[in-house]
Every structure is written in C-alpha cells, then in structure tokens.
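Enquirer: Handing you this structure, nothing more for now.
The values are calculated or read from the model by the stated rules, or taken from the named source; none is laboratory data. No experiment lies behind these values; they were computed from the predicted model shown. Positions of Cβ are backbone-derived with ideal geometry, glycine not excepted, and every protein chain shown enters the neighbour counts. Surface areas here come from the heavy atoms of the whole protein model, side chains and all, with no ligands, DNA or RNA. Shrake-Rupley method; radii C 1.70, N 1.55, O 1.52, S 1.80 Å.
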Amino acid sequence: MHDIRAIRDNPEAFEQALNRRGLHGLTSQILSLDSDRRARISAAETAQADQNKASKEVGAAKARGDDAQFERLRALVAQTKSDIAAMHAEAADLDAQLRDLLMGIPNLPLEIVPDGKDEDDNVELRRWGTPPGFDFHPQEHFDIAGVKPGMDFETGAKLSGSRFVVLKGAVARIHRALAQFMIDLHIDQHGLEETWTPVLVLEDMMLGTGQLPKFGEDSYLTREGYWLIPTSEVTLTNTVHGDLVDHASLPRRMVAHSQCFRSEAGSAGRDTAGMLRQHQFEKVEMVSITDADSGLAEHERMTRCAEAVLEALDLPYRTVVLCTGDMGAGARITHDLEVWLPGQDRYREISSVSYCGDYQARRMNARYRLEGGGKPEFVHTLNGSGLAVGRALIAILENGQQVDGSVVLPQALHRYLGGATRLTAKGTLS
C-alpha cells in the first residue's frame, strides 16, 4: 500500500521506482483516479453548502408567505440532495478503484537494490563453507539409499496427489530435530520470542501482508472463508494489525515453527521430483516489527540469524541480494540464502530475508507512538525464513551422503537424535 500524498508530491520519483520494477504508466492512472475522486468530493461539499443555504431560505420564504419561492426552493433542496448522494456514490466508487489499484502495486525498491529482470541479475554478497568433494557421483536426496525407506512419495500421492510426501522413521525424526534445533538457536542465541499461531486466518490478514488481492491463486481458501497460511509471516506480522504500539516495545522479534501451504501456481514442471517444492511443508519463520529508523540494520541482523543456522549445520551457502525483477512484491530489499545441493550441483534458495518498510503496516494500519508524543508513525516490518525445514533436510542428506548410501549428520543435531550421528544405508539412526 502506498501513501497517495507522497505520490502527489513527487510523482516522478514514484514512476521511476515503478519503472525499476518493470511497471510503466501506473502513476498517471493513480493521479487521474485521485483527481476525479477529489473533484467529486469537492463538488459534493460545494453542493452541500448550497443546500444548507437554500434550506434556510426555504424557511424564510415560508415565514413571509411566498409560496412560489417556497416551492421553488424546496424542489431545489430536494434535487441538490439527490445530486449530493450521486456525487458521494461516485466518489466512493472512485475511492474503491484507487484503493484496489494501490493495493495491487508492489513495494518500491531501495536505491541499493540492483536493477535486473530475473535471478540471473541477482548479485552475490558472500559465500560461506566449501562444497564437499565426493569420490563418487552424489545423489539427489530421494535417491540416497538410506533415505528411501523414510521418504515415501508414492503414499503421499495416494493420500493427497502430487507434491506431497510421507516421512517415516529416522528421516521423520531428523526432520523434526531440525525444526527443534532452529527454534532453540533463535531463542537462545538470537533473542527471538517463540510464538505459536493459527494456520487458518481471516482474509484481512492475507490483505495485510500482501498475499491478497494479487496473489490469491498461490494460497488455499477453505469453504468457510479461512485462508491457509503460506508462511507464518502472515500471522506473526499481523499480530500488530490495527494496533497503536508503544515505541519502547520495539523492536518485536518473533519466531514460529509452522505448517505452511502453497498451491505452487505457475510452477508446473519445476522441481517435480523430491521434496524441494511441496504443497505442504514446514518452516521456521522470523518476523521483526520495528521503527522507521531501524529497518536496514534489522535486515542485516535477521540475515545473520538465518546464516547462523546454516553455519551451525555446516552447510555451504551463498548470500545474494535480489534484483528488482526477482524481488517479491512486498519487499524493498531481499537477501536470499542459497544452500549447496550436491545432487543438483548448484545452490538453491533456502531462505529469503526481506525488509518491507511501511508497506505492510499501511495495509494493516499498524502504528507506533513516539515517547515524546506527536503524530503516530507506521511500523516497519521484516520477515525471513530461519529456515525452510524441508529444504534444510534435503541439504543435510545430500551434503552428508556417503558412498555406501549412509548419511553423516551434523554435530548440532546429535543431541536432538539421542546421540545418533549417522543415518545408515538401511534407513536407521546409529
């Protein structure tokens, strides 16, 4: 959501920012709707003043017995009242059109974000770790001998269709251990507040974080009107929906482990093998609510929180800043963390950390009050995966695979697995 006053004050800057997103001509549409809306409101106010004046004159004409003037003025008042109602209706319709247009426009990229069309134009910031060397051809996660007994795509498809999996035995336990490890790390070392939220939300919550109205096809809607969350970004961010919070309470740093649901619209034919892209998956999500001055510093901090998980799991990764053409609609800047997957011989996204400025806060009407008083300001919001649990599982299995089909597990997980250090080639823990 954008501030219409800021667009009026500097339309050229707004248009230039949208041009970087590959959008052109929207500013003129916005200003045209806004001008028409304001003209209707102004005309209605003028007509209302005329009506008030005529109403007084009606009483005066009645008092002096001027029946002809009385009837003329009464008819004029009635007509003006009808005209005012029509102008208000037109203004309301134009206001709705303007709101819908503004709601569908993405956030404005920061100047430091690189220009580009797609992922090929993203800019690498740094790398950590060295991809492991193998004296055999590394397998993708679903082809590793020790993984096959615990990763059942056939039963998942029987139960729910494509892009679902059933995890069993040791693999299911490693998956659970990963989520527990991530939550503990963020709480104990990063100072985030553990939070548990619903996975069913009202439509206003999806509007608040920007999944609606433009990206509704990416999520699931129940027959009762609830939406299944695509990530707990939706619930964590909306905890301040409609609130006026004390500045002293900021920043609010939260973390949640949840089931997530995505229709994967538009991904037909992509990552169909394995569990890299599923309709139902688990994520540990971080959200920060902060003030207008702290957003970029908080973005760097959140990025480091996500990177720390990968480093603790000894997983090689790289951090990239997304270009304007690859960045999500709600973000002003995004860092992607890409983990090394030997089975694919490439880095793949495992976390996106985004700073949204006040874009979501305007949609949610979430503000904070400064200690010294004054006009409330919109909060600034950030979100990031810390991490996607299923993708972390994939990375651990592929990077730790051995020639005999077993998998050496990261030391950080040993205490969560009863001291086990390895997934055997038979699919058990040892």
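Enquirer: Go through the stretch 82-105 and give me each residue that's closer than 18 Å to Ala43 by Cα, within 35 Å of the chain's Cα centre (by Cα) and without any contact (Cβ under 8 Å) to a residue 12 or more places away in the chain.
Expert: Across the stretch 82-105, the qualifying residues are Ala89, Ala92, Asp93.
Enquirer: Can you report the number of residues in the stretch 26-71 which are of a type in the set (D, E, K, R), out of contact with any helix residue (DSSP H, G or I) (no Cβ under 7 Å at 6 or more places or on another chain) and open to solvent by 80 Å² or more (accessible area, probe 1.4 Å)?
Expert: Qualifying residue count for the region: 7.
Enquirer: So is Asp293 open to solvent by 40 Å² or more (accessible area, probe 1.4 Å) and either charged (D, E, K, R) or more than 20 Å from Arg369 (Cα to Cα) (or both) or not?
Expert: Criteria met by Asp293.
Enquirer: Restrict the check to the stretch 403-410 and report whether at least one residue is within 12 Å of Ile144 (Cβ to Cβ), polar (S, T, N, Q), touching a residue at least 12 places away in the same chain (Cβ under 8 Å) and assigned to a loop (DSSP other than H, G, I, E, B).
Expert: yes
Enquirer: Further question on the same structure: When you check Glu300 against the structure, is it over 15 Å from Leu387 (Cα atoms), open to solvent by 10 Å² or more (accessible area, probe 1.4 Å) and at pLDDT 95 or above, yes or no?
Expert: yes
Enquirer: Of the conditions (1) more than 30 Å from Phe142 (Cβ to Cβ); (2) assigned to a helix (DSSP H, G or I); (3) touching a Phe, Trp or Tyr at 6+ places or on another chain (Cβ under 9 Å); (4) not acidic (Asp, Glu), Arg301 satisfies every one except a single condition; which number is it?
Expert: (3)
Enquirer: Another question, then. Which numbered condition in (1) surrounded by 15 or more Cβ atoms within 10 Å (Cβ to Cβ); (2) of a type in the set (Asp, Glu); (3) in contact with a helix residue (DSSP H, G or I) (Cβ under 8 Å, 6 or more places away or on another chain) is the only one that Asp115 fails?
Expert: (1)
Enquirer: Which of the residues spanning the stretch 371-402 are buried (at least 19 other Cβ atoms within 10 Å of the Cβ) and part of a strand (DSSP E or B)?
Expert: Across the stretch 371-402, the qualifying residues are Phe378, His380, Thr381, Leu382, Asn383, Gly384, Ser385, Gly386, Leu387, Ala388, Gln401.
Enquirer: With in contact with a Gly (Cβ under 6 Å, 6 or more places away or on another chain) and touching a residue at least 24 places away in the same chain (Cβ under 8 Å) as the only criterion, which of Val379, Val284, Val321 stands out?
Expert: Val284 is the lone residue from the list that is in contact with a Gly (Cβ under 6 Å, 6 or more places away or on another chain) and touching a residue at least 24 places away in the same chain (Cβ under 8 Å).
Enquirer: What helices (runs of 4 or more DSSP H) completely inside the stretch 109-225 contain at least 1 residues that are more than 30 Å from Ala13 (Cα to Cα) and without any contact (Cβ under 8 Å) to a residue 12 or more places away in the chain?
Expert: 153-160, 169-188
Enquirer: Something else: How do the pairs read when you match residues in the stretch 1-18 that are within 19 Å of Ala329 (Cα to Cα) with residues anywhere that are basic (Lys, Arg) and open to solvent by less than 40 Å² (accessible area, probe 1.4 Å), using Cβ under 9 Å and keeping only pairs 6 or more apart or on different chains?
Expert: Every condition considered, the pairs that remain are Met1/Arg363.
Enquirer: Residue check: is Ala425 among the small types (Gly, Ala, Ser) and open to solvent by 10 Å² or more (accessible area, probe 1.4 Å)?
Expert: For Ala425, the condition - among the small types (Gly, Ala, Ser) and open to solvent by 10 Å² or more (accessible area, probe 1.4 Å) - is met.
Conditions (1) surrounded by fewer than 24 Cβ atoms within 10 Å (Cβ to Cβ); (2) in contact with a Leu (Cβ under 6 Å, 6 or more places away or on another chain); (3) of a type outside the set (S, T, N, Q); (4) at pLDDT below 95, marked per residue:
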{"position": "Gly225", "(1), (2), (3), (4)": "yes, no, yes, no"}
{"position": "Glu233", "(1), (2), (3), (4)": "no, no, yes, no"}
{"position": "Leu250", "(1), (2), (3), (4)": "yes, no, yes, no"}
{"position": "Ala268", "(1), (2), (3), (4)": "yes, no, yes, yes"}
{"position": "Asp271", "(1), (2), (3), (4)": "yes, no, yes, yes"}
{"position": "Gln278", "(1), (2), (3), (4)": "yes, no, no, no"}
{"position": "Ala312", "(1), (2), (3), (4)": "yes, no, yes, no"}
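Enquirer: A further question follows. Could you grab me the full set of residues in the stretch 103-136 that are out of contact with any Phe, Trp or Tyr (no Cβ under 9 Å at 6 or more places or on another chain) and among the aliphatic types (A, V, I, L, M)?
Expert: Met103, Ile105, Ile112, Val113, Val123, Leu125
Enquirer: Under 30 Å from Ala425 (Cβ atoms) and touching a helix residue (DSSP H, G or I) at 6+ places or on another chain (Cβ under 6 Å): which single residue out of His141, His137 fits that description?
Expert: None of the others qualify; the one that does is His141.
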